[in-house]
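In what follows, a single structure is set out as structure tokens and then discussed.
FYI, it's all coordinate maths here, none of it is from the lab. Not measured: the values here are computed from a predicted model. All Cβ positions, glycine included, derive from the backbone under ideal geometry; neighbour counts span all protein chains shown.
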Amino acid sequence: MKAKKNLSVLSIDYGAGGAERVTSLLLKHLVNDYNVTLVLFYEYIDYEIPEGVELVVLSKSLCRDNNIYRKGKDTLFNIWKYNRLIKKRNIDISLAFLALPNIINGIMAMLNKNLKTVISERCFPSIMYRTNGSSLFLAKYMFPYFYPKNNFLFSNSVYINKDLKESFNVKMPMSVIYNPITVDENIRKIPNTIVAKETLSFINVGSIYKAKNQLMIINTLPLLDKNHFHFVQAGVGTMEEEVKDYVKESGLENQVTFLGLIKNVKEELIKHDCFVLSSKTEGFPNVVLEAMSVGLPVISTNCMSGPLELLNDNEPIDIKEGEYVTCKYGILINVDDTNALAKALTYLRDNPEVRQKYSELGFERAKQNDLPSIYNKVKELLEG
């Protein structure tokens, strides 16, 4: 029997984020084919670590709120520790997620000639990093040098790869592998007939911060009949208190419910009638795929990147200001367009047959991203 290769998976942490969620799903299969070590910068863990995966935290004292000098010092220390780990454990393949781990993976490739390194970019860099000077510096000057030191890059959007090539001059083999999802026929929410409801309950799930733009949804509520729409927000984040205060100041407390951090996203999603993604930017919105996987109709901003690929097979559309477009698997609106969101929500409330249609079509679309098929594509990269 052929011995398993030694694989390390490098990530900033294992918290409740999209990249971390993808990592948690892939680990369930990776552990069957490799001797897996999960290597984290931060001891911040929300997802379950599968049995058989060994955890190594490079700096247990590292705090995500450290100043830039401390972060730089700790990063150099982590590079040294990770290189030692690779040599000590005879790591054959190093797989990294997100910008800083990707750069470090490139350094590992330079220091270890027999090491295969694969990296994954998970956000749209031109938008994600433009408001942060240090992150933009990291991307503009380090991506074109350190990323190509790796053997291969995969992202979760054709637009991310295009942006890396054109805006950051990254020249290396790239491919697109969309995010995986576990699809369970037993928990999907597709009744034989979706009936009209007095009140449409719609939900957003995600970290509450600027890029996720939950304030757009809050600002839509005054445009809706308060007796017929209720918004539920699940998640925590840096803007949580600001958003809650804004809801109170706007007199919207009766129209909004804050759930905080939730453990089982799908079980919460199926309690509602519609999912709304309000983001200004995404890499690939996992939660949209999760909503579709339980048959929940989706309204999403047409942000970069992911929604167009998920909801319309990446076929271009023209969305007029204040209007929405009914796509193959859901509804798309422009970023920050509250009038369009209000119209789209009203359309779904008044047309239960449309909710029924998108429940069924969305579920079928989600099955294309079922975990086993996506994992096989990742494994091909690791072995190819």
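Ordering 84, 188, 355 from the fewest to the most neighbouring beta carbons within 10 Å gives 84, 188, 355.
Here the chain is treated with +1 on each Lys and Arg Cβ and -1 on each Asp and Glu Cβ, and its dipole about the Cα centre works out to around 1760 debye. Here the Karplus curve 6.51 cos²θ - 1.76 cosθ + 1.60, taken at θ = phi - 60°, turns the phi angles of region 31-36 into couplings of 5, 7, 10, 9, 7, 9 Hz, with x standing for Gly and Pro. A simple packing score, the average count of other Cβ atoms within 10 Å per residue, orders the peptides 231-237, 85-91 as 231-237, 85-91, with the highest score first. Comparing 206, 362, 260 in a Gaussian network model of the chain, where Cα atoms under 10 Å apart are tied by springs, the biggest mean-square fluctuation is seen for 260.
In order along region 284-301, the Karplus-derived 3J(HN,Hα) couplings, from 6.51 cos²θ - 1.76 cosθ + 1.60 at θ = phi - 60°, round to 7, x, 3, 5, 5, 5, 5, 4, 5, 6, 10, x, 9, x, 10, 10, 9, 5 Hz, and Gly and Pro are given as x.
For the set 162/357; 4/28; 81/149, the pairs lying more than 21 angstrom apart at their alpha carbons are 162/357. Here the ratio of the Cα radius of gyration of region 150-279 to 2.2 N^0.38 Å is 1.34.
Dipole magnitude for region 200-367: computed about the Cα centre from +1 point charges on Lys and Arg Cβ and -1 point charges on Asp and Glu Cβ, it is near 280 debye.
If you take the Cα centroid of region 237-286 and the Cα centroid of region 91-124, the two points sit 34 Å apart.
The order of 4, 320, going from fewest to most other C-beta atoms within 10 Å of their C-beta, is 320, 4. Taking the Cα centre of region 122-201 as reference, the dipole from Cβ charges on Lys and Arg (+1) and Asp and Glu (-1) amounts to some 300 debye. Each of 365, 70 has some number of other Cβ atoms within 10 Å of its Cβ, and from fewest to most they run 70, 365. Using only the Cα atoms of region 57-175, build the gyration tensor, take square roots of its eigenvalues as a ≥ b ≥ c, and label the shape rounded, prolate or oblate: rounded if a/c is under 1.5, else prolate if a/b is larger than b/c, else oblate. It comes out oblate by the Cα gyration axes.
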